[in-house]
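The values are calculated or read from the model by the stated rules, or taken from the named source; none is laboratory data. Here the structure is a predicted model, which means the values were calculated and not measured. So basically every Cβ, Gly included, is an ideal-geometry build from the backbone, and we count neighbours across all protein chains shown.
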Amino acid sequence: MSVIKLEKYIQAAPAEVFLYFTNSTALRDWFCDVATTDPRVAGRMYLWWNGDYYTSGEFLKLKQNELVSFSWFGRGEPHATQVDVTLKKKKAGTLLKLAHRKLGGNSKWGEIGKGYKKEWAKALENLTSVLENGADLRITTRPMLGIYTDEFNAGIAQKLGVPITQGLRLSGVIEGLGAQKAGLISDDVITSLDGHEITGAATFSLYMKNKKAEDKVEVTFYRCAEKKTTSMTLFGRPIPPTPISGLELSKQVEPVYKQYESEIELLLIAASEEVCAKKPAPAEWSANEVLAHLIHSELGWQNVMTEIMGGHESMYDDWGGNIQAHIDGTVATFTTKAELFNELKNHDAETLNMLIHIPSDFITHKGKFWKLAFQANQNSYHLQSHLEQMRSAIQSTRGT
């Protein structure tokens with residue numbers, strides 16, 4: 001097998017398809033987990049998938065909205081190959097023809113070529129979904145354990161009494177989903193799924209990408225110093241319907257903001273200024289510090305929305321954790337629970353208004369708008385986790 005050829009008709013303009021083969025952010029939206037590109041002849045192309053496969057190359061030929069040709073040299077492969085993507089306007093869409101060439105000269109290429117054909121077909125199916133209706137099949141078909149995760153390192157392990165320093169630490173579970181039904185709780189640390197070692201978010205994502213709803217998995221985890229194993233059933237991922245406008249998206253997510261603002265307000269009314277400002281333990285956040293974190297999170301989400309709409313999203317090697325100096329600075333600036341809560345409400349209102357003002361031309365990019373809408377609807381999980389953290393902080397502080 002020296003060449004693999006595939007065709008796909010996509011109901012999207014050639015210019016849109018061309019973008020999704022040349023722009024770093026667009027490539028991540030359907031194809032790979034990390035991408036960096038310089039779309040010009042001899043410009044770089046680097047792609048990486050969770051699981052440590054990567055390929056590097058350069059753009060060989062570019063003809064606006066008609067041709068993208070690039071070299072491909074994947075990890076462990078005998079030599080560089082070449083991918084040619086031709087685009088031709090057909091009716092209201094694009095006929096895409098992909099040829100992966102120069103797969104020969106070594107006995108390894110037989111199996112590698114079979115893998116390429118399977119993965120390219122799968123990827124082009126996802127590209128079609130993203131461009132035609134917005135949905136990223138890597139997300140919509142992926143099941144959920146129903147967990148919130150948090151930082152885990154040697155210091156946290158020592159504090160929890162856990163005899164390992166790598167794993168996936170839970171900050172909470174979602175009621176009614178697999179983890180909660182299996183009995184997992186906050187501060188449990190998952191170390192393996194079906195015998196596959198879980199050292200953190202990357203290995204967890206790699207394992208989960210081939211699972212589906214209703215699969216049963218064996219979960220090994222630590223609760224303090226005790227090692228436990230339990231069976232868990234995976235649930236399908238709830239995917240809210242994609243709204244037709246920014247205004248409708250704002251209306252879709254507004255009830256979540258209002259619900260949690262109301263619950264936070266009730267907690268704050270019932271607690272004194274002293275209780276809200278006091279840490280339950282030296283390494284734990286006070287209720288006021290949780291409010292500061294929620295303020296930072298909302299500002300961060302606004303930055304993410306700006307990047308999605310701008311078409312150039314930041315990439316990070318890992319999550320750097322919550323910076324206590326940032327928390328301290330916010331608490332020192334907004335010195336009362338009321339000031340912190342008002343600041344949070346102002347940013348919530350700003351987010352909702354930002355959604356209302358999403359330009360109509362952005363919404364025509366179905367994949368980008370779907371991604372923004374999907375992420376906007378995930379905020380409830382984050383808010384629920386920190387509401388419980390705030391409630392626990394207040395209750396613990398009252399008891400001291």
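For segment 26-46: of the residues being of a type in the set (D, E, K, R) and in contact (Cβ under 8 Å) with a residue 60 or more places away in the chain, which is nearest to Thr140 (Cα to Cα)? Full working, then the answer.
First pass over segment 26-46, keeping only residues of a type in the set (D, E, K, R): 28-29, 33, 38, 40, 44.
Going one step further and asking which of them are in contact (Cβ under 8 Å) with a residue 60 or more places away in the chain, we end up with 28-29.
Numbers: Arg28: 16, Asp29: 13 Å.
Ranking the qualifying residues of segment 26-46, first place goes to Asp29.
Quickly run through segment 47-62 and pick out the residues that are free of Cβ contacts under 8 Å to residues at least 40 places away in the same chain and either closer than 19 Å to Leu206 by Cβ or hydrophobic (A, V, I, L, M, F, W, C) (or both). Please lay out each step first, then the result.
Of the residues in segment 47-62, the ones free of Cβ contacts under 8 Å to residues at least 40 places away in the same chain are 47-49, 52-61.
If the condition is that a residue be free of Cβ contacts under 8 Å to residues at least 40 places away in the same chain and either closer than 19 Å to Leu206 by Cβ or hydrophobic (A, V, I, L, M, F, W, C) (or both), then Leu47, Trp48, Trp49, Asp52, Tyr53, Tyr54, Thr55, Phe59, Leu60 are the ones that fit.
Is it true that Tyr222 is crowded, with 20+ Cβ neighbours inside 10 Å, of a type outside the set (Lys, Arg) and either without any contact (Cβ under 8 Å) to a residue 12 or more places away in the chain or farther than 30 Å from Trp49 by Cβ (or both)?
Numbers: crowded, with 20+ Cβ neighbours inside 10 Å: yes; of a type outside the set (Lys, Arg): yes; either without any contact (Cβ under 8 Å) to a residue 12 or more places away in the chain or farther than 30 Å from Trp49 by Cβ (or both): no.
No: the conditions fail for Tyr222.
What about Glu111, is it out of contact with any His (no Cβ under 9 Å at 6 or more places or on another chain), acidic (Asp, Glu) and at pLDDT below 95?
Details: out of contact with any His (no Cβ under 9 Å at 6 or more places or on another chain): yes; acidic (Asp, Glu): yes; at pLDDT below 95: yes.
When the stated conditions are applied, Glu111 passes them.
With respect to Ser392, determine if the residue is in a helix (DSSP H, G or I) and either surrounded by 19 or more Cβ atoms within 10 Å (Cβ to Cβ) or in contact with a Phe, Trp or Tyr (Cβ under 6 Å, 6 or more places away or on another chain) (or both). Step through it out loud before you land on a result.
Details: in a helix (DSSP H, G or I): yes; either surrounded by 19 or more Cβ atoms within 10 Å (Cβ to Cβ) or in contact with a Phe, Trp or Tyr (Cβ under 6 Å, 6 or more places away or on another chain) (or both): no.
So Ser392 fails the test.
Just the residues that are acidic (Asp, Glu) and farther than 19 Å from Asn377 by Cβ, please, taken from segment 136-172. Spell out how you get there, then give the answer.
Filtering segment 136-172 down to residues acidic (Asp, Glu) leaves 136, 150-151.
Residues satisfying the conditions are Asp150, Glu151.
Just checking: which of the helices (runs of 4 or more DSSP H) contained wholly in segment 256-374 hold 3 or more residues that are at negative phi and surrounded by fewer than 14 Cβ atoms within 10 Å (Cβ to Cβ)?
Working: elements: 273-277, 287-310, 324-333, 337-356, 360-363.
Correct list: 287-310, 324-333, 337-356.
Consider Thr86 against the criteria (1) of a type in the set (Val, Ile, Thr); (2) within 18 Å of Ser56 (Cβ to Cβ); (3) in contact with a strand residue (DSSP E or B) (Cβ under 6 Å, 6 or more places away or on another chain): it satisfies all of them except one. Which criterion is unmet?
Tallying (1) of a type in the set (Val, Ile, Thr); (2) within 18 Å of Ser56 (Cβ to Cβ); (3) in contact with a strand residue (DSSP E or B) (Cβ under 6 Å, 6 or more places away or on another chain), Thr86 fails exactly one: (2).
Condition first: under 28 Å from Asp317 (Cβ atoms) and either part of a loop (DSSP other than H, G, I, E, B) or touching a residue at least 40 places away in the same chain (Cβ under 8 Å) (or both). Can you find one or more residues in segment 238-249 that meet it? So that I can check it myself, show each step before the final result.
First, the residues of segment 238-249 that are under 28 Å from Asp317 (Cβ atoms): none.
Among the residues of segment 238-249, not one is under 28 Å from Asp317 (Cβ atoms) and either part of a loop (DSSP other than H, G, I, E, B) or touching a residue at least 40 places away in the same chain (Cβ under 8 Å) (or both), which makes the answer no.
Could you check segment 65-77 and list, in sequence order, the residues that are farther than 19 Å from Glu7 by Cβ and in contact with a helix residue (DSSP H, G or I) (Cβ under 7 Å, 6 or more places away or on another chain)?
Passing the criteria: only Glu77.
Which of the numbered conditions does Asn50 fail, given that it passes all the others? Conditions: (1) over 20 Å from the mean Cα position of the chain (by Cα); (2) among the polar types (S, T, N, Q); (3) within 23 Å of Thr128 (Cα to Cα).
The failed condition is (1).
What pairs can you find where one residue is in segment 256-279 and small (Gly, Ala, Ser), the other is in a helix (DSSP H, G or I), and their Cβ atoms are less than 7 Å apart, with a gap of 6+ or different chains?
Close Cβ pairs satisfying both conditions: Ala271/Ala287; Ala271/Ile394; Ala277/Asn288.
Being closer than 30 Å to Phe369 by Cβ and crowded, with 17+ Cβ neighbours inside 10 Å: is that true of Val85 here? Explain how you work it out, then say what you get.
Numbers: closer than 30 Å to Phe369 by Cβ: yes; crowded, with 17+ Cβ neighbours inside 10 Å: yes.
So Val85 fits the description; yes.
Table: residues versus (1) of a type in the set (Ser, Thr, Tyr); (2) over 21 Å from the mean Cα position of the chain (by Cα); (3) farther than 20 Å from Gly93 by Cβ; (4) surrounded by fewer than 19 Cβ atoms within 10 Å (Cβ to Cβ).
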position: Tyr116; (1), (2), (3), (4): yes, yes, yes, no
position: Ala123; (1), (2), (3), (4): no, no, no, yes
position: Leu137; (1), (2), (3), (4): no, no, no, yes
position: Gly146; (1), (2), (3), (4): no, no, yes, no
position: Ala157; (1), (2), (3), (4): no, yes, yes, yes
position: Leu160; (1), (2), (3), (4): no, yes, yes, yes
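Pairs needed: first member in segment 371-400, over 15 Å from Leu344 (Cβ atoms); second member anywhere, modelled with pLDDT under 85 and not in a helix (DSSP H, G or I); C-beta distance under 7 Å; at least 6 residues apart or different chains.
Short answer, once both residue conditions are applied: Tyr381/Tyr148; Tyr381/Ile174; Ser385/Tyr148; Ser385/Ser171; Ser385/Gly172; Glu388/Gly172.
So if I check each of Leu184, Leu170, Leu206, Leu234, which one is within 22 Å of the chain's Cα centre (by Cα) and without any contact (Cβ under 8 Å) to a residue 60 or more places away in the chain? Talk me through it step by step, then tell me what you get.
Values: Leu184 fails: within 22 Å of the chain's Cα centre (by Cα); Leu206 fails: without any contact (Cβ under 8 Å) to a residue 60 or more places away in the chain; Leu234 fails: without any contact (Cβ under 8 Å) to a residue 60 or more places away in the chain.
None of the other options fit; the residue is Leu170.
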